[in-house]
Structure formats: C-alpha cells, structure tokens
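The values are calculated or read from the model by the stated rules, or taken from the named source; none is laboratory data. All values derive from a computational prediction rather than experimental measurement. Using ideal geometry, Cβ is built from the backbone for each residue, glycine included, and neighbour counts are taken over all protein chains shown. We work out accessible area using only protein heavy atoms, side chains counted, and drop any ligands, DNA or RNA first. Shrake-Rupley method; radii C 1.70, N 1.55, O 1.52, S 1.80 Å.
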Amino acid sequence: MNFANQLVQWYHENKRDLPWRHTTNAYIIWLSEVILQQTRVEQGLPYFNRFLAAYPTVTDFANASEDEILKLWQGLGYYSRGRNMLKTARLVRDEYKGNFPDTYQELIKLKGIGEYTAAAISSFAANEARAVVDGNVYRVLARYFGIDEPINSTKGKKLFQQLADEVLNKEQPGLHNQAMMEFGAVICKPKNPACGICMVRLGCEAFKTNATTQLPVKLKTVKVKERFFNYFLITDGNRILMNKRTGNDIWTGLYDLPLVETPTLPETHEIVTLPQVKAYFGPKLEIEEAFGLQKHVLTHQRLIVRFVKVKSKPVLFEPDWFYVDIEKLHKLALPKIIFKFLTNFFKFENNSLFSN
DNA sequence: AAGGCGGGGTG
DNA sequence: CACCCAGCCTT
C-alpha cells in the first residue's frame, strides 16, 4: 500500500468528528474553509457554528450587512475574509441563483477563494480530483519525501503542488485531501511530531535521516513593526465617540476610538502638545484619566496602545467619527484590544459586547 | 516577487 | 521569544 492510501486508512480510524465533514453542501464547506484559513480548527469551530446558525443558506449570508458579518467575525482576525465572503455571497445570490458553485474553474474566480480553497471545496463537495496544498500538506510532503526546497518560494510552491497532484488518489480525492491535512494536524505536527505512533515513518525520509526538525524549509521571517497608538475616550456615560476604520490599514471595516498615531510614545503630559491633538481638541485639552499602557501583538505589528479619557469635546471631527449610544455599542465589530478596554471601562458583562 | 493582513496556541 | 495555523489579495 502506498503512502497516500496508508494515510486514508489512518484517517478512517482516527479522524476527528467535525461538523463540516458531514455535508457535501458547497456553501457550508465554503463557510468552514474560509473560516479555517490561517486558523486552527479549535479557534474556528465556534465561529462556524454561529455563522451557519445565523445564515443557513448563501442567500441568507448575502442579505446580511457588512456590519453584521464583521460583528459575527469579531475576534477571528483577518477581517478581509469576512468582507470578501459577503461579496462572493452576493454574487452567488445574484449571478448563480443562490446555487453555490462546486467546480474548481468557477470557484477560483470568486473573491477570497484561492487555489487551496477552490481545491478543497471542489474535492469535498463534488469529488473533483484537485489536490489541496495547505500548511499541513507542505509539511507532510516535505518530510516524507525529504524535500528542502523552500515552501514559500515560487519554485517550491510549484514543486509541492505537482507532488501533491502526483500522490492524489483520483478515485476519492476528497477523502485523500482530508486525510493529508488531518494527518499533518494531528501526527505530523510542526513541533514534536508523533513519529513514535506514525504508521508511515519507515518510508519517511525525514524520519530516516532524523531531519523532521529541519523540514519544511521556509524563507525569511516577517519583520515586526512597532506602532504607537493614542486612543481618546470621549463619553458622557450615555454616548461614546467612535471611529469607523477605512483604507488599507489593519482592522478595515471595524470600529475603534478617535486615534492619534505617533512615531514614538509621548508621555501623558506631552499628549496635549501634539499638533494633531491640538487640531482635534483645540489648544487646551483636559485629560481626565490616563490608563496603563497596553501591548497588542499582531503577526506583523507590535502595537503600544495608550487610552486616555478626556473631558474636552473635539472641535474638529474626522468624517469617520460618530457618536453612538452605549446601549448600541454591542452592534459594532471591535478589534480585540478595543473590545477589552471598553468592556473593562463600562464594566460590561464579559460577553455582552460580543453578540449583536 | 514581496508585503500586508489578527488572534491564539505551543515549546 | 519564535514559529505556526485547512491562505488570499494587492502592488
């Protein structure tokens, strides 16, 4: 029995029971696949359940507003996934009569669906013979076949896709794809792979040469930028001044507070002297309360965040600023750090800002 | 081809 | 602390 078929047999005996494995509904599979992009199963699972309950069909999804989608997406990260899903759902509603495509050719055209997701949906929903290549598959193939070509170089991506196509079981591609990924997630893990109980270790090049820790090879790590955020809390206890984030920065489409970003972190008493702050609040700004610094770590950015509550009201309003009733705050999608701060400040129940 | 995009888990 | 996670889009 070859390598791939051994994995399928292992999968039959050891697979986790996950809700999206009980359906061939392309919409439901799409939902799960996009949620799981760059996201662990355990983290994505509750979001999948909430989304499916809120939007049982792609037309239900398409009829939602972007605010509603982002609110439900709150805390999951990579929010462009949610925004792209809405575009795709509306296109499926309007151009495909609400029938979600299940062929690779059609799927690859849709916003937010790349090679991996198109292969996943078409193989799971329609048993189309397309090999998925995700982080798990890169790792399994690199180790088993002892390939040290970087997985994120153009040459490497092509090579691994070809190899995945070669080993693909064309009779049951969906099962094969699931098995490859499940095996990578459960046995052939990034760190401390479970080689001791691995059924293919005798054929594994990395195991034979003791190279599992060296593979797969990946080029260059992301450099982390430091940014300094000064957030202004302006509230009378009934309303609060909020900001809708636009453009190409982080958290596009989500809501935070009036913000002045600075190249370094000013002392609290220096905030008043910042030109941008003077522009917003006039020459004399009254700081009512300064809160402790918070660090917020993203994959590619390190945010040093200071919140200050001010008495003064702005004399200059950005177009994206608006007052909202505190009771309506729970409808807005908030970045994690804003969510935590507001929950703590207003002494909301732990989850009252989470749902709409 | 390279850079940007969240938040959480792991060792 | 570094690395990784059922990747994709823009430039």
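For chain A, the relative contact order comes to 16 percent (Cα pairs under 8 Å, sequence separation of at least 6).
Hey, any idea what % of the stretch A:72-165's accessible area is carbon plus sulfur with a 1.4 Å probe?
On the way: 1930 of 4130 Å².
Carbon and sulfur together cover 47 percent of it.
Packing here is the average count of other Cβ atoms within 10 Å per residue, and on that basis the peptides A:277-285, A:106-114, highest first, run A:106-114, A:277-285. Computed about its Cα centre, the charge dipole of the stretch A:3-208 is approximately 440 debye, with only Lys, Arg, Asp and Glu carrying charge at their Cβ.
Considering only A:Asn84, A:Ile287, A:Thr246, and ranking their Cα positions along the charge dipole of chain A that arises from unit charges at the beta-carbon of Lys, Arg, Asp and Glu, the one farthest toward the positive end is A:Ile287.
Projected area of chain A, taken from the Cα convex hull and averaged over every viewing direction, in nm²? Please report the intermediate quantities before stating the final value.
Values: hull surface 81.8 nm².
Across all orientations, chain A yields a mean hull projection of 20.4 nm².
Can you give me the Cα centroid spacing of the stretch A:36-101 and the stretch A:128-184 in angstrom? Cα centroid to Cα centroid, the span is 27 Å.
Taking all protein chains as present, what is the carbon and sulfur share of the accessible area of the stretch A:225-345, in % to the nearest whole number, probe 1.4 Å?
On the way: 3080 of 6030 Å².
It is 51 percent, rounded to a whole number.
Prolate is the label for the stretch A:1-45, because a/c, from the alpha-carbon gyration tensor with a ≥ b ≥ c as root eigenvalues, is 1.5 or above and a/b exceeds b/c.
The amide H of A:Arg302, built 1.01 Å from its N in the peptide plane, has A:Lys225, A:Glu226, A:Arg227 as neighbours under 5 Å, considering only residues 5 or more places off or on other chains. If you fit an axis through the alpha-carbon atoms of helix A:26-35 and take the longest principal axis of the Cα set of chain A, what angle between them do you get, 0 to 90°, nearest 10? Computed tilt is about 60 degrees. Dipole check for the stretch A:262-356: with +1 at the C-beta of Lys and Arg, -1 at the C-beta of Asp and Glu, and the Cα centre as origin, the magnitude is about 180 Debye. These residues, A:Ile337, A:Ile147, go from largest to smallest accessible area, 1.4 Å probe, as A:Ile147, A:Ile337. Ranking A:Val297, A:Val272, A:Pro319 by Cα position along the charge dipole of the stretch A:225-345, where only Lys, Arg, Asp and Glu carry charges on their C-beta atoms, puts A:Val297 farthest toward the positive end.
Any idea what the dipole of chain A comes to, in debye rounded to 20, about its Cα centre with Lys/Arg Cβ at +1 and Asp/Glu Cβ at -1? Mind dumping the intermediate values first?
Details: 46 positive and 37 negative charges, 132 e Å.
The dipole magnitude comes to about 640 debye.
Can you tell which of A:Ala206, A:Ala126, A:Ala290 shows the greatest fluctuation in a Gaussian network model of chain A with Cα springs below 10 Å? Result: A:Ala290 has the largest fluctuation of those listed.
How much area per residue is accessible in the stretch A:225-345 when the probe is 1.4 Å and only protein heavy atoms are counted (Å²)? List each step's numbers first, then the result.
Working: 6030 Å² over 121 residues.
Ligands and nucleic acids excluded, the result is 50 Å² per residue.
Principal-axis analysis of the Cα atoms of chain A puts helix A:336-345 at an angle of about 40° to the longest axis. Pairs exceeding a 31 Å alpha-carbon distance, out of A:Lys157/A:Lys295; A:Lys220/A:Lys244; A:Lys71/A:Lys309: A:Lys157/A:Lys295; A:Lys220/A:Lys244.
In chain A, the calculated helix contribution to ellipticity at 222 nm averages -11500 deg cm²/dmol per residue, counting -39,500 (n - 2.57) for every DSSP H run with n ≥ 4. The angle separating the long axis of helix A:115-126 from the principal Cα axis of greatest extent in chain A is about 60 degrees.
Of all aspartates and glutamates in the structure, the ones whose alpha carbon falls short of 13 Å from that of A:Lys340, not counting any fewer than 8 places away in one chain, are A:Asp256, A:Glu349. Heavy atoms of the protein chains alone define the surface here; on that basis the stretch A:35-141 has 43 Å² accessible area per residue at 1.4 Å probe size. Averaging the Cα positions of each part gives two centres, and for the stretch A:190-204 and the stretch A:3-32 these lie 21 Å apart.
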